[in-house]
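The values are calculated or read from the model by the stated rules, or taken from the named source; none is laboratory data. Note that the structure is a prediction, hence the values are computed from the model and not measured. For neighbour counting, all protein chains shown are included, and Cβ atoms are generated from backbone atoms with ideal geometry for every residue, glycine included.
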Amino acid sequence: MLKGRNIRRRSGGVPAPALLMSAWLLAAVLAPGLLPAAELASGTKWATPYFIVEGPAPGPTIMLTGGLHGDEPAGAHAAEQIRHWPILRGRIVVLPRANRPGLAAGTRHLPQVAAPGQDLNRNFPRSGGGAEAQTVIGQAIWELTRREKPDWVIDLHEGYHFHQIQSKSVGSTILASRPGDQRTRPVVTRMLAAVNATIEDPRKQFVPLRGTANGSLTRAAAERLGANCLILETTTREQPLSLRTRQHRLMVRTLFQDIGMLGEGAPTMTRPREELGLRVALYDAGGVGGSGPRNVLEVMKKIPRSLTWRVGPSDIREGALTHFDVVIFPGGSGSKQAAALGVEGRRQVRTFVEQGGGFVGICAGAYLAAANYKWSLKIGDYKTFCEARDIPGAGRKSMWYRGPSSTVRMELTSEGRRILGDRVGAFPVRYHNGPIVSPAGFDEIPDYQVLAWFRSEVVRYEPQTGTMVNTPAIITGSFGQGRVLSISPHPESSRDLRAMVARGIQWACGK
Ligand SMILES: [Zn+2]
């Protein structure tokens with residue numbers, strides 16, 4: 001039986017049975033199908049929320065867990081997104097961040113826990129062993145599992161390499177727990193087909209495996225509770241988080257469709273249920289450079305009641321932007337971002353802004369919004385200084401390239417101070433080949449406003465001299481009903497400029 005102190009509503013100390021009773025009643029009043037969040041291991045450093053979502057009709061119970069290993073973030077993100085799906089029947093019990101301290105630290109194990117309890121996914125009752133789980137959080141998860149009696153336990157993980165290329169890793173596999181793996185085989189085949197249809201390289205496709213580790217949640221739930229148990233493993237190697245998260249969602253969607261919990265055309269990403277101040281889609285896929293998304297997430301910490309989900313080209317083509325207030329394209333390569341989006345993805349971004357969505361482009365993202373490239377979005381009335389020139393002794397060089405990352409000076413205009421925060425005078429900001437912009441003169445797009453000027457410049461080749469200093473560093477304009485904010489340098493990578501970027505993001509979405 002569950003102890004009242006281990007599991008209670010966030011708002012108070014209501015014990016578990018009372019929670020379920022009142023939650024049933026509350027669900028009808030608050031939001032259809034949504035029960036309030038509860039918490040496992042309350043009052044301890046392992047405290048972590050879980051969610052129970054009820055469909056409108058009876059049906060199976062699915063338990064969905066993510067983040068048992070803290071260095072496998074995709075499962076946590078996917079579970080968090082799946083809990084917003086409008087299921088047609090049954091119920092889902094979602095524990096997105098099982099090892100919350102590990103996820104915060106990026107470590108596989110439970111931080112500061114010694115062997116043998118350190119690996120949360122070896123904490124559960126072992127084959128032929130006792131009935132007890134190990135560690136505070138392991139026991140809380142096992143109690144929840146026993147109480148909910150799930151028909152299915154789906155545990156989301158990540159491997160470090162593609163199993164078909166490096167057989168020592170379980171990356172890109174579905175592991176079925178025994179016993180019950182015979183029962184789950186047909187749907188596993190369909191889950192594999194669904195995800196593999198999106199993966200071109202056959203060696204990176206998902207394959208089935210049988211048997212899960214002794215002490216794992218899925219093995220214990222299969223052996224002791226008779227649940228159908230699967231571990232879904234994506235591969236972290238060289239794949240953006242948005243892609244891995246999407247692969248988890250694709251596989252889970254197929255299962256849900258198979259057992260009548262979702263309809264045929266159900267999208268893999270849906271609008272978050274909670275009322276939020278700001279919903280941000282952060283593009284992290286093709287054409288995005290190393291630290292860009294991480295720095296933007298630091299900026300987002302400054303905006304209360306905001307939510308940031310990573311998106312990739314497939315999410316955008318699926319129409320996912322409509323769930324958000326603003327989309328952010330960070331640094332990297334504008335042309336590669338455009339290529340990854342494809343024609344349909346670019347059309348979706350333009351339509352999103354045209355219909356009132358916000359667009360924030362930083363460096364590469366500012367190139368992406370420009371008007372002068374065949375591949376660019378043409379949502380800002382500006383062109384970039386990028387033509388090629390003959391450089392004596394060096395050959396023909398593109399003028400957008402000014403060398404490695406450096407520091408320049410930037411000064412806000414009075415409009416910039418109003419929108420981005422009152423900062424007087426020039427100050428340093430990181431710069432890495434962001435666009436040098438000038439009006440494109442498109443009649444159909446309103447003129448941009450300058451929010452900041454470059455007050456110094458970086459020059460690699462002689463013809464660049466004088467072309468950057470006193471040109472716009474940050475501009476904003478409107479496109480249809482939406483706002484476009486184009487930032488040439490990288491203020492998001494400086495701790496003291498992040499509040500400024502946060503104000504810019506809020507401006508872009510009109511809030
Ligand atoms: Zn794992």
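Data table
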quantity	calculated
Residue in region 297-315 that is of a type in the set (Asp, Glu), surrounded by fewer than 19 Cβ atoms within 10 Å (Cβ to Cβ) and modelled with pLDDT of 95 or more present	yes
Candidates TRP85, TRP142 - the one that is in a helix (DSSP H, G or I) and aromatic (Phe, Trp, Tyr)	TRP142
Residue check, THR212 buried (at least 21 other Cβ atoms within 10 Å of the Cβ), part of a helix (DSSP H, G or I) and within 16 Å of the ligand (Cβ to nearest atom)	no
Enumeration of residues in region 350-401 that are part of a helix (DSSP H, G or I) and more than 15 Å from SER335 (Cα to Cα)	ARG350, THR351, PHE352, VAL353, GLU354
Hey, VAL343 in contact with a Phe, Trp or Tyr (Cβ under 8 Å, 6 or more places away or on another chain) and modelled with pLDDT of 95 or more or not	no
One residue from ALA114, ALA98 being crowded, with 19+ Cβ neighbours inside 10 Å, of a type in the set (A, V, I, L, M) and either in a helix (DSSP H, G or I) or assigned by TED's automatic domain parsing to the domain that holds MET63 (or both)	ALA98
Which listed residue, of PRO86, PRO116, is more than 30 Å from THR270 (Cα to Cα), more than 17 Å from the chain's Cα centre (by Cα) and not small (Gly, Ala, Ser)	PRO116
Of residues in region 370-423 being free of Cβ contacts under 8 Å to residues at least 40 places away in the same chain and surrounded by 17 or more Cβ atoms within 10 Å (Cβ to Cβ), the one nearest to VAL484 (Cα to Cα)	LEU377
Total residues in region 120-136, condition touching a residue at least 60 places away in the same chain (Cβ under 8 Å) and either surrounded by fewer than 16 Cβ atoms within 10 Å (Cβ to Cβ) or within 14 Å of the ligand (Cβ to nearest atom) (or both)	6
Top-ranked residue of region 153-202 - restricted to ones that are outside any helix (DSSP H, G or I), within 18 Å of THR268 (Cβ to Cβ) and of a type outside the set (Gly, Ala, Ser), ranked as nearest to the ligand (Cβ to nearest atom)	GLU158
Subset of region 266-320 (residues that are assigned to a loop (DSSP other than H, G, I, E, B), among the acidic types (Asp, Glu) and more than 22 Å from GLU200 (Cα to Cα))	GLU274, GLU275
Unmet requirement for ARG203, which otherwise passes all of (1) buried (at least 16 other Cβ atoms within 10 Å of the Cβ); (2) in contact with a Phe, Trp or Tyr (Cβ under 7 Å, 6 or more places away or on another chain)	(1)
Within region 215-250, considering residues that are within 16 Å of the ligand (Cβ to nearest atom) and surrounded by fewer than 24 Cβ atoms within 10 Å (Cβ to Cβ), the one farthest from ILE199 (Cα to Cα)	GLY215
Some residue of region 10-17 being modelled with pLDDT of 95 or more and surrounded by fewer than 18 Cβ atoms within 10 Å (Cβ to Cβ)	no
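Here's the yes/no breakdown for (1) within 13 Å of the ligand (Cβ to nearest atom); (2) part of a loop (DSSP other than H, G, I, E, B); (3) crowded, with 19+ Cβ neighbours inside 10 Å:
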{"residue": "ILE52", "(1), (2), (3)": "no, no, yes"}
{"residue": "PRO56", "(1), (2), (3)": "no, yes, no"}
{"residue": "GLY75", "(1), (2), (3)": "yes, no, yes"}
{"residue": "THR107", "(1), (2), (3)": "yes, yes, no"}
{"residue": "GLY138", "(1), (2), (3)": "no, no, yes"}
